[in-house]
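Working notes, structure below.
What follows draws every value from the coordinates through simple rules; no lab data is involved. Note that this is a predicted model, so its numbers are computed, not measured. Backbone-built Cβ (ideal geometry, glycine too); neighbour counts: all protein chains shown.
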Amino acid sequence: MNDAESRGEWALVTGSTSGVGRETALRLAEDGYSIVVCGRDRDRAAETRKAVESAGGRAVDLVADFTDPASVRGFIAEMKEAVGDGTVEVLINNAGGGMFSPTEDTTEEMFDAAFNLNVKAPYLLTAAFAPAMAQRGRGAIVNVGSLGTTAATAGTSAFQAAKGALMMLTKSWAAEYGPRGVRVNAVEPGYVLTPLNEHVRHMYGGYLAGVPAGRGAEPGEVAEVIRFLVSPKASYVQGVTLPVDGGKNAVVPL
Ligand SMILES: NC(=O)c1ccc[n+]([C@@H]2O[C@H](COP(=O)([O-])OP(=O)(O)OC[C@H]3O[C@@H](n4cnc5c(N)ncnc54)[C@H](OP(=O)(O)O)[C@@H]3O)[C@@H](O)[C@H]2O)c1
């Protein structure tokens with residue numbers, strides 16, 4: 001039995017019905033955390049919960065639509081009821097995504113949905129759970145950003161602006177909660193092979209030519225970095241955004 005298990009601590013992994021979030025949930029369960037699985041899809045949420053349980057872990061599954069702040073508030077209340085108030089030690093703000101849309105075609109509804117999902121939901125969740133972590137003097141938050149916050153791509157401005165805000169919140173929260181024992185960090189994935197981009201894989205040829213790794217990431221490769229940032233191995237790492245992009249960020253193709 002490891003530390004988290006012996007304390008019965010919960011890790012909330014948003015967007016854990018699929019992709020990076022699902023892989024993160026499985027790894028944090030291996031590390032002894034009880035997992036709150038969530039997404040919009042009830043069946044896939046139950047599937048991740050069962051995968052955690054089959055591996056010997058403990059999980060609950062809840063659903064919410066994070067583009068709707070009322071749904072996030074309902075989720076927080078439901079969660080506190082399900083796992084107890086003040087028991088969350090780890091928060092992974094992973095649920096996210098956005099549409100590809102030129103600025104002039106982006107409606108206010110699309111803009112608001114991008115910010116609600118990628119900024120407001122993490123904000124409400126952090127406000128709900130970080131204070132109890134800080135009171136205990138122990139906790140970890142990892143935000144999942146996107147390569148698109150360091151270098152822009154045409155046609156996805158609202159999403160990139162939202163992820164950019166989330167990366168700034170990583171630093172704000174490190175300043176706010178770090179002195180009270182809560183480490184806040186982020187990962188910045190490049191191209192990850194998940195259902196998120198299945199329908200646009202044909203567009204990534206040119207992108208991959210500039211990736212030293214020469215391929216997209218498996219979701220587990222991002223999840224391992226999140227796991228590291230949560231773990232005591234990263235005890236002196238605070239306020240960073242770690243690229244997990246196969247080197248894309250570091251090089252300029254000739
Ligand atoms: N894949 C990439 O290339 C890539 C690159 C850069 C950054 N990222 C970031 O990595 C994170 C994980 O993405 P992924 O690639 O693992 O995608 P994914 O496989 O499509 O998973 C996305 C997860 O987020 C949840 N989610 C999406 N919209 C939601 C909403 N409105 N309310 C609640 N939950 C919602 C989904 O749940 P349901 O489907 O059940 O609703 C799902 O569990 C995202 O923040 C994404 O922006 C991904």
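Just Gly210, Gly15, Gly96 to compare: in a GNM of the chain, with alpha carbon springs under 10 Å, which one fluctuates most?
Result: Gly210 has the largest fluctuation of those listed.
When Rg is the radius of gyration of the Cα atoms in region 49-123 and Rh is its Kirkwood radius, what does Rg/Rh come to?
1.08
Between Asn249 and Leu208, what is the label-point separation in nm under the 7 Å Cα-to-beta-carbon projection?
2.2
Run through every distinct alpha carbon pair of region 203-242 and return the Kirkwood hydrodynamic radius in angstroms, one decimal place.
When all Cα pairs of region 203-242 are included, the Kirkwood radius is 12.1 Å.
What Kirkwood hydrodynamic radius, in Å, does region 1-100 give when the mean of 1/r is taken over all pairs of distinct Cα atoms and then inverted?
13.3
For region 69-112, take the alpha-carbon Rg, divide it by the Kirkwood Rh, and send me Rg/Rh.
Rounded to two decimals, Rg/Rh equals 1.18.
Under the definition of Cα pairs under 8 Å and six or more residues apart, what whole-number percent is the relative contact order of region 117-254?
29
Which residue fluctuates the most in the chain, going by a Gaussian network model with Cα springs under 10 Å, if the choices are Leu62, Leu229, Leu166?
Comparing Leu62, Leu229, Leu166 in the GNM, the peak value goes to Leu62.
Calculate the length of the line joining the C-alpha centroid of region 41-84 to that of region 157-224, in whole Å.
For region 41-84 versus region 157-224, the Cα centre distance is 22 Å.
Can you tell me the mean projection area, over all orientations, of the convex hull of region 45-86's alpha carbons? Units nm², please. Spell out each step's value before the answer.
Working: hull surface 13.3 nm².
Seen from a random direction, the Cα hull of region 45-86 projects 3.3 nm² on average.
Lysine pairs in the chain with Cα distance under 28 Å, only those 8 or more apart or on different chains: how many are there?
Taking the Cα cut-off of 28 Å, the pair count is 12.
Which value, in Å³ per residue, describes the convex hull spanned by the Cα atoms of region 3-245?
118
Give me the percent of DSSP beta bridges within region 130-254 that run antiparallel, rounded to the nearest 5.
Bridges in region 130-254 that DSSP calls antiparallel: roughly 0 percent.
With a point put 7 Å past each Cα toward its Cβ, work out how far Arg136 is from Ala46 in nm, to one decimal.
Rounded to a tenth, the inter-label distance reads 3.0 nm.
R0 = 30 Å: FRET efficiency of Glu53 with Asp105, Cβ-based, nearest 0.05?
E(calc), rounded to 0.05, equals 0.10.
What percent do you get for the relative contact order of the chain when only Cα pairs under 8 Å and 6+ apart count?
18
What percent antiparallel are the DSSP beta bridges of the chain, to the nearest 5?
Details: 0 of 29 bridges.
Looking only at bridges with both residues in the chain, the antiparallel portion is about 0 percent.
Of Ala162, Ala223, Ala128, which is the most mobile in a GNM of the chain whose springs link Cα atoms less than 10 angstrom apart?
Most flexible of the set in this elastic network: Ala128.
I'm checking a number: the convex hull volume of the Cα atoms of region 115-187, normalised per residue, in Å³. What is it?
62
Could you give me the percent of Cα pairs per 5 Å distance bin for region 104-149, shortest bin first, beginning at zero and ending with the bin that holds the maximum distance?
So the P(r) values, bin by bin, are 5, 17, 20, 19, 16, 10, 7, 3, 2, 1.
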